[in-house]
There are 2 protein chains.
Amino acid sequence: METSIKKRKSKTVYLGAIQIGGDAPVVVQSMTCTDTRNVRDTVSQIRMLEEAGCEAVRVAVPDEEAASALKDIRKQISIPLIADIHFNYRLAITAIQNHVEGIRINPGNIKKDKILEIIRFAKTQGTAVRIGINAGSLEKDLFVKYGGPKAPALVESALRNLDHIVSSGFENIKLSLKSSDVATMIEAYRVISKRTDYPLHLGVTEAGTLIPAAIKSSIGMGILLYEGIGDTIRVSVTGDPVSEIDVAYGILRTLKIRKIGPDIISCPTCGRCEIDLLALTQEMERQLKGIKSYLKIALMGCVVNGPGEAAEADVGIAGGRGFGMLFKRGKIIRKVKEGDFVRVLMDEINTMIRDGKEA
Amino acid sequence: METSIKKRKSKTVYLGAIQIGGDAPVVVQSMTCTDTRNVRDTVSQIRMLEEAGCEAVRVAVPDEEAASALKDIRKQISIPLIADIHFNYRLAITAIQNHVEGIRINPGNIKKDKILEIIRFAKTQGTAVRIGINAGSLEKDLFVKYGGPKAPALVESALRNLDHIVSSGFENIKLSLKSSDVATMIEAYRVISKRTDYPLHLGVTEAGTLIPAAIKSSIGMGILLYEGIGDTIRVSVTGDPVSEIDVAYGILRTLKIRKIGPDIISCPTCGRCEIDLLALTQEMERQLKGIKSYLKIALMGCVVNGPGEAAEADVGIAGGRGFGMLFKRGKIIRKVKEGDFVRVLMDEINTMIRDGKEA
């Protein structure tokens with residue numbers, strides 16, 4: 001089934017050469033977890049993120065040394081660089097001088113007049129600015145007014161800071177309203193999506209290690225993206241940021257918002273399964289790593305749903321006892337021995353990709 | 001934020017002593033991947049599932065030997081046992097004779113008159129029956145009518161089989177309309193939820209290994225559960241079924257539908273972080289394994305969102321350089337050395353659980 005999602009209309013914003021919002025695809029972001037002052041480590045991590053499909057990268061800028069390092073980092077990477085600024089507006093000025101494509105400011109810890117100083121300078125350099133509201137660092141008056149970092153508090157913070165910045169004549173703005181509470185995050189984005197047409201950067205913040213982060217992000221972003229809300233996303237994972245990219249594309253692929261990478265349909269196995277399906281699936285995942293083509297590959301343990309699923313897929317195997325039937329787009333091709341599954345499937349897949357016949 | 005989810009009204013069905021639908025909590029299920037004929041392995045896996053929180057378990061019944069094994073399996077486990085039946089209605093009869101609490105039948109591969117024979121016998125024994133529609137094994141006429149296993153085809157299959165069974169005077173029925181295509185699955189359940197009030201068993205089928213399965217299940221079930229749809233769920237994972245339980249409770253916990261198990265809020269770390277947060281988070285996950293109490297535990301790398309998140313949590317640490325501030329429900333308790341984080345947090349958590357003060 002094709003996606004029936006109707007994307008919310010949003011303004012187009014430029015993060016360097018990359019378009020965010022408008023008719024652009026949903027952009028996948030991540031953030032480094034290296035010490036930004038260590039240029040070599042940071043560049044190395046960014047390159048791994050780029051290779052995994054990261055389209056814009058954010059780095060923490062806790063001090064002037066980190067802000068200065070941005071100059072060298074910028075020269076050595078290909079994707080837009082975003083400086084994450086808290087507390088000290090001067091770090092934003094240095095970051096912009098060092099040609100970052102974007103900055104993220106947190107109105108919870110930078111004063112209004114200082115934000116305007118940043119904005120004035122960003123305007124002269126064409127820098128994009130994200131107003132990054134976060135439940136964990138909300139402005140005190142709103143925390144008090146709403147009795148905590150609730151959705152309406154996040155929305156009011158975003159809107160008043162947006163007004164403040166837009167009225168100064170600046171428009172290259174994205175907004176985020178993150179919370180570690182998924183229901184709060186969903187409600188905040190739903191409301192803001194109707195109150196403004198600036199592009200929205202989605203995220204469930206502080207979502208934990210890989211599995212909980214995948215669950216929370218998939219629910220929070222999945223619900224919003226399925227409603228057409230969201231122009232760029234960042235999955236937050238405690239751990240290797242490369243895994244954030246895999247989860248982000250997994251979410252977008254599941255919703256068919258961006259058809260990137262193979263979609264493996266594999267059954268949970270049960271008492272009917274007579275092949276080693278887990279080993280097959282893991283080996284196929286390993287061999288397909290890095291492939292950007294969208295292909296539906298069915299790896300099925302038995303004849304209950306096997307032929308049905310395999311028939312719907314671009315290529316698939318439905319297992320029997322020590323052998324399987326190879327299917328290609330609804331047609332049985334031939335019987336294959338279990339030992340040959342991976343080789344035969346990869347041959348078919350490589351041919352499809354080479355001939356540009358992927359979906 | 002508390003959940004604002006309003007659950008769809010559904011009939012109450014009994015799976016042995018367990019209530020599904022009505023005002024019952026959403027029930028978490030799984031399925032074994034052992035050879036059902038091997039009673040020892042199957043019972044051993046079911047016990048691990050039980051320990052992880054599985055509340056009903058399904059086993060494949062591919063032949064009479066497997067159907068006979070159900071008798072011994074049934075005696076050695078505590079949760080309701082469900083026999084998964086395809087092709088051969090006689091296996092359902094044997095399973096019911098062996099006192100399973102539920103059977104799942106697939107109308108895609110069992111004929112109408114044979115289904116009625118199963119139903120007649122299930123009625124005499126008080127067995128619950130799930131009409132398990134699956135996109136991979138849909139009835140041929142509907143496949144042809146709709147040009148594939150699309151959502152309306154799944155709905156028509158479910159409704160006509162439901163009518164057929166209900167008109168025979170049987171009502172202890174659950175329905176599932178699974179697809180490996182998440183958009184199809186969402187649409188099918190949304191439509192059926194308005195057409196009938198029988199309890200719904202949710203699942204994204206053939207969802208792949210752990211990470212993709214977590215993503216697909218969280219999106220598919222997350223969207224539906226957030227709309228109040230779903231009385232029992234099964235996450236399908238290619239791999240250890242115990243991981244299905246963890247993902248299922250992760251989804252329910254995120255949506256605050258069932259508050260079971262600790263919710264760890266941990267940041268993705270960045271260039272600001274001066275403690276080993278990943279190691280701390282992983283060690284806390286390890287020590288909290290198996291704890292059923294719902295507690296919000298914040299593990300934060302720095303002072304940007306750290307104190308804010310830690311303050312919202314039952315207990316939390318916001319890291320500095322080699323130390324952290326311990327927070328308890330909004331109050332700073334004291335400064336703690338990094339080496340003592342786990343011990344201090346676990347002491348606080350154990351005290352909260354002992355005193356019954358968890359949320």
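Within segment A:175-201, the residues that satisfy the criterion of being under 19 Å from B:VAL304 (Cβ atoms) and either hydroxyl-bearing (Ser, Thr, Tyr) or not in a loop (DSSP other than H, G, I, E, B) (or both) are A:LEU175, A:SER176, A:LEU177, A:LYS178, A:SER179, A:SER180, A:THR184, A:MET185, A:ALA188, A:HIS201.
Of all residues in segment B:317-339, which are touching a Lys or Arg at 6+ places or on another chain (Cβ under 8 Å) and modelled with pLDDT of 90 or more?
So in segment B:317-339, the residues touching a Lys or Arg at 6+ places or on another chain (Cβ under 8 Å) come out as B:322-326.
Answer for segment B:317-339, where residues must be touching a Lys or Arg at 6+ places or on another chain (Cβ under 8 Å) and modelled with pLDDT of 90 or more: B:PHE323, B:GLY324, B:MET325, B:LEU326.
Candidates are the residues of segment A:252-261 that are within 9 Å of chain B (Cβ to nearest Cβ) and not β-branched (Val, Ile, Thr); the one that is surrounded by the fewest Cβ atoms within 10 Å (Cβ to Cβ) is A:LYS256.
Given the condition open to solvent by less than 40 Å² (accessible area, probe 1.4 Å) and away from chain B (no Cβ under 14 Å), answer yes or no: does some residue in segment A:132-151 qualify? Checked against the condition, which is being open to solvent by less than 40 Å² (accessible area, probe 1.4 Å) and away from chain B (no Cβ under 14 Å), segment A:132-151 yields no hits at all. For segment A:1-34, what are the residues that are among the charged types (D, E, K, R) and in contact (Cβ under 8 Å) with a residue 12 or more places away in the chain? Result: A:GLU2, A:LYS6, A:LYS7, A:ARG8, A:LYS9, A:LYS11. Determine whether B:TYR249 is more than 7 Å from chain A (Cβ to nearest Cβ), open to solvent by less than 20 Å² (accessible area, probe 1.4 Å), under 17 Å from B:GLY21 (Cα atoms) and not charged (D, E, K, R). So B:TYR249 fails the test. Against the conditions (1) of a type outside the set (Lys, Arg); (2) within 26 Å of the chain's Cα centre (by Cα); (3) more than 30 Å from B:VAL182 (Cβ to Cβ); (4) away from chain A (no Cβ under 14 Å), B:PRO80 satisfies every one except (3).
Restricting the search to segment A:272-301, which residues are in contact with a strand residue (DSSP E or B) (Cβ under 6 Å, 6 or more places away or on another chain), open to solvent by 10 Å² or more (accessible area, probe 1.4 Å) and at the interface with chain B (Cβ under 8 Å from one of its Cβ atoms)? Within segment A:272-301, A:ARG272 is the sole residue that qualifies. Any residue that is under 19 Å from B:ASN109 (Cα atoms), open to solvent by less than 20 Å² (accessible area, probe 1.4 Å) and either in contact (Cβ under 8 Å) with a residue 24 or more places away in the chain or among the aliphatic types (A, V, I, L, M) (or both) - is there at least one of those in segment B:210-226? Scanning segment B:210-226, I find no residue that is under 19 Å from B:ASN109 (Cα atoms), open to solvent by less than 20 Å² (accessible area, probe 1.4 Å) and either in contact (Cβ under 8 Å) with a residue 24 or more places away in the chain or among the aliphatic types (A, V, I, L, M) (or both), so the answer is no.
Listed here are the residues, each with its yes/no results for (1) among the aliphatic types (A, V, I, L, M); (2) under 22 Å from A:ASP35 (Cβ atoms); (3) in a helix (DSSP H, G or I); (4) not assigned by TED's automatic domain parsing to the domain that holds A:GLY230.
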site: A:ILE93; (1), (2), (3), (4): yes, yes, yes, no
site: A:THR124; (1), (2), (3), (4): no, no, yes, no
site: A:ILE131; (1), (2), (3), (4): yes, no, no, no
site: A:GLU156; (1), (2), (3), (4): no, no, yes, no
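What single numbered condition from (1) of a type outside the set (D, E, K, R); (2) touching a helix residue (DSSP H, G or I) at 6+ places or on another chain (Cβ under 6 Å); (3) over 20 Å from B:ARG130 (Cβ atoms); (4) within 11 Å of chain A (Cβ to nearest Cβ) fails to hold for B:THR42? Status for B:THR42: all satisfied but (3). Mind checking which residues of segment A:285-326 are in contact (Cβ under 8 Å) with a residue 40 or more places away in the chain, closer than 16 Å to A:PRO262 by Cα and part of a loop (DSSP other than H, G, I, E, B)? Answer for segment A:285-326, where residues must be in contact (Cβ under 8 Å) with a residue 40 or more places away in the chain, closer than 16 Å to A:PRO262 by Cα and part of a loop (DSSP other than H, G, I, E, B): A:GLY290, A:ILE291, A:LYS292, A:SER293, A:TYR294, A:LEU295, A:ALA313, A:ASP314.
The values are calculated or read from the model by the stated rules, or taken from the named source; none is laboratory data. Source: prediction; values computed, not measured. Heads up, the Cβs are rebuilt from the backbone with ideal geometry, glycines too, and the neighbour counts pull from every protein chain shown. Remember, those area values only see protein heavy atoms, side chains included, never the ligands or the DNA or RNA. Shrake-Rupley method; radii C 1.70, N 1.55, O 1.52, S 1.80 Å.
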